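The values are calculated or read from the model by the stated rules, or taken from the named source; none is laboratory data. Quick caveat: nothing in here was measured; it's all calculated off a predicted structure. Ideal geometry is used to build each Cβ from the backbone, glycine not excepted, and the neighbour counts take in all protein chains shown.
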Amino acid sequence: MAAAAPFVLKWGVIATGYISSCFTKDLLADPKERGTTDVAHKIIAVGSRSVESAQKFIEEHAGKNSEIKAYGTYTEVYADPDVTAVYIGTPHTLHYENAKAALLAGKHVLCEKATTSNAAELRDLLALAKEEKLFFMEAMWTRFQPIAKEVKRVAEEGSLGLPVVLHADLSADFDIENKPKTHRMLDPKLGGGALLDLGPYPMIWAVLALYEHPANKKALPTTVTGSIVKTPLTGVDMNTSWTINFTETLKAQAILSASMTIPANKTGVIIRYRNGNILIQSPIYRPLSFTVQYFDKPGSGNVVREETKTFSHTGGGWYYEADEVARCIRDGKPESETWGHDKSCLLMDVFDQVRKQGGYEFPPGVEKVLPKH
Ligand SMILES: NC(=O)c1ccc[n+]([C@@H]2O[C@H](COP(=O)([O-])OP(=O)(O)OC[C@H]3O[C@@H](n4cnc5c(N)ncnc54)[C@H](OP(=O)(O)O)[C@@H]3O)[C@@H](O)[C@H]2O)c1
């Protein structure tokens, strides 16, 4: 019997920057190479603020495919009747208006992290998606990589006990002294800074190991404590650390940090238990290995067994999240069960609190929906 034809999701891509190019190249990879046979992807249109940029993008990143439409506005992508889902790759502070316009035009949305400028914007988008019966997901690609599934299995199978402390850091040297102040990492109007750009990655491991742990029973963080060091260049956060306590059911803590002026540590995430540790190697947005250490007895710290698991994949690893979007839309689901709306809201609530405690306010007009005080 012939296998059923895959469900093909028809994409419109918004913006022609770095991350849109990564995502687009992965959409074009042969799904069979990653063992996917039930869904596939087709790029219908690319939208940019200039049609020349859209054309150049298609030439450089989409195999010069003349069937892909190049638009000089994002609106034309939303309005294209052949597009089913829109991928949003603009800077964070534009996500709200871009996603809102796409949803209002009847398109499902995959939106880059950080999903919005603040949690109020995100909740507004989620309400709209619900009203319009459309799928919406934050592009938290790391959570869909096979390694994340395996870390979750090890974290929850019981040998290590309950999580106690998680340390996670994502840092990268952006050479900010030599960047224009209008660069998206430096410009407060674009939500610049380490927290919103790098912060989602330490957060996904905290969410996976602590929030998702069955013993946590989906309890939200009880306290968030944040601290920010700003760059004198533009006042956005340059080095940021924050602690999240999960004490309602678990008695666990995540100690997280992000910096845009230093490189990453070799080990980016350590999840600590009384019976051992899980060590995840950098880069924590796309790790290819992790090591589990087992102690001889609970609390001894004496490692008697170590197991390292390694992973590999072709392409960049963004196609796993694209496959999730395709499956959810095929099945009529409003959100992903793996990275649902609750988790995106958790992240944005934490970021709001860290920014508030660290005294990082966006310029007036940036936040399109203001938090209720
Ligand atoms: N998932 C990941 O691994 C990952 C990695 C990096 C970044 N990101 C996220 O993706 C988003 C974009 O990051 P990026 O590195 O791709 O940025 P980028 O290279 O600067 O590209 C952003 C694009 O957004 C469009 N844009 C619209 N209005 C803009 C404005 N006022 N200023 C600058 N660009 C504007 C531009 O495309 P047009 O000129 O075509 O309109 C620009 O090329 C951010 O939210 C970031 O956090 C995710």
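List of remarks:
- Pairs are defined by a Cβ separation below 6 Å, a sequence spacing of at least 6 or placement on different chains, a first member in the range 322-339 that is over 19 Å from L125 (Cβ atoms), and a second member that is of a type in the set (S, T, N, Q); the pairs so defined are D323/T36.
Residue-wise test of (1) within 21 Å of A194 (Cβ to Cβ); (2) more than 21 Å from the chain's Cα centre (by Cα); (3) modelled with pLDDT of 95 or more.
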{"position": "K217", "(1), (2), (3)": "no, yes, yes"}
{"position": "V224", "(1), (2), (3)": "yes, no, yes"}
{"position": "S227", "(1), (2), (3)": "yes, yes, yes"}
{"position": "L233", "(1), (2), (3)": "yes, yes, yes"}
{"position": "W242", "(1), (2), (3)": "yes, no, yes"}
{"position": "I255", "(1), (2), (3)": "yes, no, yes"}
{"position": "V269", "(1), (2), (3)": "yes, no, yes"}
{"position": "S289", "(1), (2), (3)": "no, no, yes"}
{"position": "Y294", "(1), (2), (3)": "no, yes, yes"}
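- Applying the criterion of being near the ligand (Cβ under 9 Å from one of its atoms) and buried (at least 24 other Cβ atoms within 10 Å of the Cβ) to the residues of the range 190-200, the residue that is farthest from P146 (Cα to Cα) is G191.
- The lone criterion from (1) among the β-branched types (V, I, T); (2) within 24 Å of K113 (Cα to Cα); (3) in contact with a helix residue (DSSP H, G or I) (Cβ under 9 Å, 6 or more places away or on another chain) left unmet by I19 is number (3).
- Within the range 157-173, being assigned to a loop (DSSP other than H, G, I, E, B) and either among the aliphatic types (A, V, I, L, M) or within 19 Å of G226 (Cα to Cα) (or both) holds for L160, L162, A172.
- Cβ-Cβ distances below 6 Å connect the following pairs, each with a first residue in the range 174-191 that is in a loop (DSSP other than H, G, I, E, B), a second residue that is within 8 Å of the ligand (Cβ to nearest atom), and a separation of six or more residues or different chains: R184/P91; R184/L190; G191/H92.
- Counted residues, the range 133-157 - those being buried (at least 23 other Cβ atoms within 10 Å of the Cβ) and among the acidic types (D, E): 1
- Consider the range 104-129 and keep the residues that are part of a helix (DSSP H, G or I) and within 14 Å of the ligand (Cβ to nearest atom). The one that is farthest from P371 (Cα to Cα) is L122.
This table checks each residue for (1) part of a helix (DSSP H, G or I); (2) touching a strand residue (DSSP E or B) at 6+ places or on another chain (Cβ under 7 Å).
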residue	(1), (2)
K32	yes, no
T36	no, no
K42	no, yes
K56	yes, no
A70	no, yes
T73	no, yes
Y78	yes, yes
A102	yes, yes
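- Members of the range 11-50 that are touching a residue at least 60 places away in the same chain (Cβ under 8 Å), of a type in the set (D, E, K, R) and surrounded by fewer than 18 Cβ atoms within 10 Å (Cβ to Cβ): K25, E33, R34, D38
- Scanning the range 219-259 for residues that are more than 24 Å from A148 (Cβ to Cβ), crowded, with 23+ Cβ neighbours inside 10 Å and among the hydrophobic types (A, V, I, L, M, F, W, C) turns up V236, M238.
- Flag if L196 is assigned to a helix (DSSP H, G or I) and either in contact with a His (Cβ under 9 Å, 6 or more places away or on another chain) or under 18 Å from T116 (Cβ atoms) (or both): yes
- Scanning the range 83-100 for residues that are within 12 Å of the ligand (Cβ to nearest atom) and either in a helix (DSSP H, G or I) or under 17 Å from F362 (Cβ atoms) (or both) gives T90, P91, H92, T93, L94, H95, Y96, E97, N98, A99.
- Condition check for M185: closer than 20 Å to Y273 by Cα, buried (at least 19 other Cβ atoms within 10 Å of the Cβ) and within 14 Å of the ligand (Cβ to nearest atom): no
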